[in-house]
Every structure is written in structure tokens, then in C-alpha cells.
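Asks: For reference, the structure I am asking about is given below.
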Amino acid sequence: MSWVDAPIAVRTDEADLYLEQVGPQDASPVLYLHGGPGYGSFSFRDLMGDDLERYRMLYADQRGGGRSYAGGPFTLDDLADDVATLLRATKVERATLLAHGFGALIAVRAAVRHPGRIPGLVLVNPWLSMPLLARTLQRRAAYLSDRADEALPPEGSLSDPDALDPEEIAERAFALMPPKNLFDALEFPNPNARMRLEHADAVAQYGPQRNDAPEGAWRASALDDLARLEIPVVALFGTHDGTAWPAQAEAGLARMPSATTGMVDAGHYPWLDDPDTFVPLLHEALAAVTGARS
């Protein structure tokens with residue numbers, strides 16, 4: 001079986017997209033959508049690549065993040081359409097999407113916009129509603145900064161026309177606590193895992209980047225789209241990830257009751273916190289969607 005390991009640059013009218021294709025040429029294709037927005041795929045390949053060698057992995061940097069560049073403002077739909085663009089560029093007809101955090105929003109939107117190309121989704125600690133995440137951040141920031149009196153209630157925020165805008169809620173959170181400190185507190189139960197990730201990021205050869213976010217990022221939600229999906233979905237959650245568990249899990253699973261779920265005693269990056277549990281679980285999830293042997 002022939003092996004491929006090659007970077008690919010895909011130029012469109014609006015963006016320059018970077019992708020690394022690695023694995024057996026004839027294996028089941030899996031396209032990885034990293035978190036963020038404005039992050040990259042380098043650390044995941046660096047830390048998990050050896051465990052995924054049975055698949056034809058496509059490690060993509062999203063428009064505006066990592067080694068991909070945006071020529072101007074863009075939307076979540078643009079990021080979803082970039083998925084189809086990358087599959088065409090690699091001559092892959094259909095690929096399972098393996099998405100982490102913010103990448104889940106793109107994966108769900110891509111599956112709705114390009115249903116013939118996406119046979120299934122594996123979502124790891126997915127962010128499925130940015131308005132829900134904004135409230136989670138604001139409440140946690142209030143408690144961690146000893147300003148519990150400023151914490152917003154969790155209910156009634158998404159349908160109330162008089163509710164605060166999600167972007168304003170996020171700004172309130174970051175006024176109480178610096179974003180990195182807040183996300184670190186929510187995502188990393190183990191400081192050693194955070195250090196390993198930061199080391200991987202430090203050696204990434206990204207070059208100059210702006211780490212752009214799509215327009216209206218804090219208003220983005222996949223909750224309505226989830227109910228429209230007719231493909232297999234596996235959702236894996238770290239029970240110590242304050243950004244995804246339990247608010248995102250409860251909202252997402254309420255709209256896709258037939259989804260397969262798995263839990264790991266870990267934070268936002270379960271491949272760092274508990275690889276012995278997570279890696280076999282991920283293989284089972286990918287096998288369930290791709291039909292490959294776990």
C-alpha cells in the first residue's frame with residue numbers, strides 16, 4: 001500500500017489554504033478540523049499523528065489560522081465550504097470529519113452544506129453554540145475573580161430578545177479575567193498537559209499569522225443544523241472540560257438523541273490528559289463512522 005506524506009497549498013480567490021496529507025493512500029480519509037478560531041493543526045498532528053497512521057489523514061489549517069491566510073473578512077459558511085475545496089484539491093470524494101472544539105461548528109455546517117462529501121462526524125469536546133460558551137465563560141470568570149455577583153444566569157439567554165449580545169457577554173468575561181487564564185482554567189485539569197501543548201505550539205513553524213476569526217463568531221451555533229443531520233455522529237467529551245461539559249453536551253445531545261457518545265476523565269485535550277483511554281475510544285469512534293477496523 002502506497003504511503004503519502006505531503007503538504008498541499010490550495011489557493012482560492014479569497015484565501016490561501018494549507019493542508020498536510022499523510023497516511024496510506026487507500027485508507028479511509030479523515031479530515032481534521034482544529035479548535036480555535038485562529039489556531040492550527042500542527043500540535044494535533046505532532047501529538048497524535050503516530051496513533052492515526054492507519055487513516056489517510058488530512059490535517060488542515062483553517063482560513064485565517066495557522067499556516068492558512070484569509071484575504072479579507074470571512075464567515076462560518078466560508079470555512080465550511082473550504083472543507084469541500086480541500087477535498088477536491090486532494091481528489092478525495094468523501095471524508096469523515098474529526099473536529100475538536102470550535103472545529104465542530106465548521107464540521108456540522110460542512111455536513112449540511114456538502115452532504116454528499118461527509119459520511120460522518122467525530123466531534124471531540126465540541127463547541128456547538130458560541131452563545132452558550134460565552135455565558136459559560138462569563139459565569140466562570142465571575143466566580144474565579146471573586147465577582148460572583150456579576151455572574152449571568154445560564155437560562156433564558158438564547159431566545160430572549162432583550163438578552164445581551166453574545167459578543168458583549170464574552171467581553172464581560174474577558175474584562176473580569178484575561179482570555180488565556182480563563183480558558184486555561186476551564187480546559188486543563190492537569191498543568192502538565194497545558195505545558196505539553198504549549199511546547200508543541202512553540203515549535204510549530206507557522207510563520208506570520210493574524211489568527212482571524214469568522215465574522216459573527218460569538219453568534220455561531222450548530223444546534224439547529226444538528227437536528228438536520230442524517231449521518232452517523234459520535235461525540236466524545238472530557239468530563240473536566242468546562243468549555244464543553246456539560247452545557248454544550250446537553251444542548252447538542254438534546255438535538256441529536258441518536259448520536260453515539262463517549263466520556264473521558266479529561267479536559268479539553270483528552271489526548272494529553274488520558275491518552276490510554278482516549279486513543280482506543282477515538283479509534284472506536286472513527287471505525288463506527290468510516291467502517292474501518294478499530
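Derivation of every value follows stated rules applied to the coordinates shown; laboratory data play no part. As the structure is a prediction and not an experimental result, all values here were calculated from the model. Don't worry about glycine lacking a Cβ; one is built from the backbone with ideal geometry, like all the others, and counts go over all protein chains shown.
Asks: Run down Val122, Val83 and say which single residue is touching a strand residue (DSSP E or B) at 6+ places or on another chain (Cβ under 9 Å) and assigned to a helix (DSSP H, G or I).
Replies: Val83
Asks: Go through region 171-184 and give me each residue that's surrounded by 15 or more Cβ atoms within 10 Å (Cβ to Cβ) and closer than 22 Å to Pro270 by Cβ.
Replies: Answer for region 171-184, where residues must be surrounded by 15 or more Cβ atoms within 10 Å (Cβ to Cβ) and closer than 22 Å to Pro270 by Cβ: Leu182, Phe183, Asp184.
Asks: Something else about it: Condition test on Ala235, is it over 19 Å from Arg45 (Cα atoms), without any contact (Cβ under 8 Å) to a residue 24 or more places away in the chain and among the aliphatic types (A, V, I, L, M)?
Replies: Judged against the criteria, Ala235 is not a match.
Asks: Determine the pairs where a residue that is free of Cβ contacts under 8 Å to residues at least 60 places away in the same chain, located within region 31-43, has a partner that is part of a loop (DSSP other than H, G, I, E, B) and surrounded by fewer than 24 Cβ atoms within 10 Å (Cβ to Cβ) with Cβ atoms under 9 Å apart, the partner being 6 or more residues away or on another chain.
Replies: Ser41/Arg67
Asks: Also: Tell me whether region 92-108 contains one or more residues that are of a type outside the set (S, T, N, Q), assigned to a strand (DSSP E or B) and out of contact with any His (no Cβ under 9 Å at 6 or more places or on another chain).
Replies: Yes, that holds for at least one residue.
Asks: Collect the residues in region 5-20 that are more than 23 Å from Pro270 (Cα to Cα) and in contact (Cβ under 8 Å) with a residue 24 or more places away in the chain, keeping them in residue-number order.
Replies: Passing the criteria: Ile8, Val10, Thr12, Asp13, Glu14, Ala15, Asp16, Leu17, Tyr18, Leu19.
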